[in-house]
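To keep things clear, I will list the structure first and then write my remarks on it.
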Amino acid sequence: MAYYVLEYALVDDYVERRAPLREEHLGLAREAHEQGALVLAGALDGPVDRALLVWRVDDPSVVEEFAERDPYVRHGLVTRWSVRPWTVVVG
């Protein structure tokens, strides 16, 4: 198992636009967390311009598939996203 970070770059009015998509997004995230793949996730604050989702999976395609299914991505709240391996040193 390896760690991966899914980073989202968010639109300027993300907080205002996310409401109608939030439950679907959180449902996908909760499902991934319950399956043990998604470790933790959330938006960075001050300003809310990025979100980070930390994954522990064998195959980064799991993370990519999540992003492609995420309503925030599909409906344009995420301007770009990337998946990068994360070498954890402590923890």
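The values are calculated or read from the model by the stated rules, or taken from the named source; none is laboratory data. All of these numbers come straight from a predicted model, not from anything done at the bench. Every residue, glycine as well, gets a Cβ built from its backbone with ideal geometry; the counts of neighbours run over all protein chains shown. The area values use the complete protein model at the heavy-atom level, side chains included, leaving out ligands, DNA and RNA. Shrake-Rupley method; radii C 1.70, N 1.55, O 1.52, S 1.80 Å.
Can you find even one residue in region 6-16 that is part of a helix (DSSP H, G or I), open to solvent by 30 Å² or more (accessible area, probe 1.4 Å) and not hydroxyl-bearing (Ser, Thr, Tyr)? Break it down into steps so the answer makes sense when it comes.
Step one: of region 6-16, the residues part of a helix (DSSP H, G or I) are 14-16.
The next check asks that each one be open to solvent by 30 Å² or more (accessible area, probe 1.4 Å); those that pass are 15-16.
From what is left, the residues that are not hydroxyl-bearing (Ser, Thr, Tyr) are 15-16.
Yes; the residues of region 6-16 include at least one that is part of a helix (DSSP H, G or I), open to solvent by 30 Å² or more (accessible area, probe 1.4 Å) and not hydroxyl-bearing (Ser, Thr, Tyr).
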Residues of region 17-26 classified as surrounded by fewer than 18 Cβ atoms within 10 Å (Cβ to Cβ) and under 16 Å from the mean Cα position of the chain (by Cα), total: 5
Of residues in region 27-43 being outside any helix (DSSP H, G or I) and open to solvent by 90 Å² or more (accessible area, probe 1.4 Å), the one farthest from residue 4 (Cα to Cα): 35
Any hit, region 55-63, residues being assigned to a strand (DSSP E or B), in contact with a Lys or Arg (Cβ under 9 Å, 6 or more places away or on another chain) and closer than 20 Å to residue 2 by Cβ: no
